[in-house]
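The values are calculated or read from the model by the stated rules, or taken from the named source; none is laboratory data. Because the structure is predicted, anything quoted here is derived from the model rather than measured. Cβ placement follows ideal geometry from the backbone for every residue including glycine, while neighbour counts extend to all protein chains displayed.
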Amino acid sequence: MNKKILTGVIIAVVIIGLGVGGYFGLKSLPKKSAINIDAVVVKDLPENQQAILDKVKAELKQNLNNVDSLMTLAQFQKMSQDYPGAIKTLQYAISLDKTRLVAKNNLAEVYYLNNQFSEAEAMCYQMISDNIVWINSYNFLRDIYKYHMPAKYAADTLPNLLKEAIKQVGMPADKISLYIALFDYYRDVNNKPEAISAAQEELKLDPNNEPLKQALAELQK
């Protein structure tokens, strides 16, 4: 079995193990009727933003399957801290188009804001499965593990994911952000040898990264 297939299998197993039900709770996806367009109200919106919200509402009343408009509506729901509403809207949008990585990214963020950390974690794994170099997935996982699942942060869960991604990708530009994330993790957990190694590998690809050079020099003192 080649590495790419093996990685997909591992990620799939992790998602199932998280108990979220396939993609992100597809079994409990909201119906169209669960999305109350008129209930979306944001107080004290600037005039130009209110015009956008009104336009989106009008578009969705004509066609509730407009994924772009659903994603915009969810942003306004998030703005008003209607996180359950934003979750329903984004779940429905993704059910219409499962290729929308930004919608999944936004759903992970709203899960996080709504203190649904296991669901946010599972969505991060789904995004990694879709696009292994999508750096937001790893950044979300870092925050979930660091602040809400410290046992996983202390384990090798996140660095192992980053290292596997680095092995998988071929383009140097794709590796750079992954090495930086790996460096940040190891520096944060005070693993200097691994942090230094990650920084050195990144600088081979991006020798003009002055902030990283300075951070590396601090570690090597």
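Details
- Residue match in the stretch 49-64 (condition: at pLDDT 95 or above and assigned to a loop (DSSP other than H, G, I, E, B)): yes
- Any hit, the stretch 124-134, residues being among the small types (G, A, S), closer than 30 Å to G170 by Cα and surrounded by fewer than 20 Cβ atoms within 10 Å (Cβ to Cβ): yes
- Restricting A195, A199 to residues that are farther than 29 Å from L113 by Cβ, touching a Lys or Arg at 6+ places or on another chain (Cβ under 6 Å), at pLDDT 95 or above and not β-branched (V, I, T) narrows the list to A195.
- One residue from A199, A215, A151, A165 being surrounded by fewer than 17 Cβ atoms within 10 Å (Cβ to Cβ), of a type in the set (A, V, I, L, M, F, W, C) and either at positive phi or in a helix (DSSP H, G or I) (or both): A151
- Members of the stretch 65-100 that are more than 25 Å from D130 (Cα to Cα) and in a loop (DSSP other than H, G, I, E, B): S80, Q81, D82
- Residue satisfying all of: in the stretch 104-119; of a type in the set (A, V, I, L, M, F, W, C) and surrounded by 24 or more Cβ atoms within 10 Å (Cβ to Cβ); nearest to the chain's Cα centre (by Cα) among these: A108
- Contact map, the stretch 68-92: residues that are touching a residue at least 24 places away in the same chain (Cβ under 8 Å) and β-branched (V, I, T) paired with residues that are assigned to a helix (DSSP H, G or I) and surrounded by 21 or more Cβ atoms within 10 Å (Cβ to Cβ), Cβ distance under 7 Å, separation 6+ or inter-chain. Pairs shown: I87/L107; I87/V110; I87/Y111; T89/L70; T89/L73; T89/A74; T89/Q77.
- Among the residues of this structure, K221 counts as one that is in a loop (DSSP other than H, G, I, E, B) and over 17 Å from the mean Cα position of the chain (by Cα).
- Scope the stretch 194-208; condition among the polar types (S, T, N, Q) and without any contact (Cβ under 8 Å) to a residue 12 or more places away in the chain; matching residues: S197, N208
- Answer from N160, N190 - the residue that is of a type in the set (S, T, N, Q) and either in a loop (DSSP other than H, G, I, E, B) or in contact with a Ser or Thr (Cβ under 6 Å, 6 or more places away or on another chain) (or both): N190
- Selection within the stretch 92-111 - within 21 Å of Y138 (Cα to Cα) and polar (S, T, N, Q): T99, N105, N106
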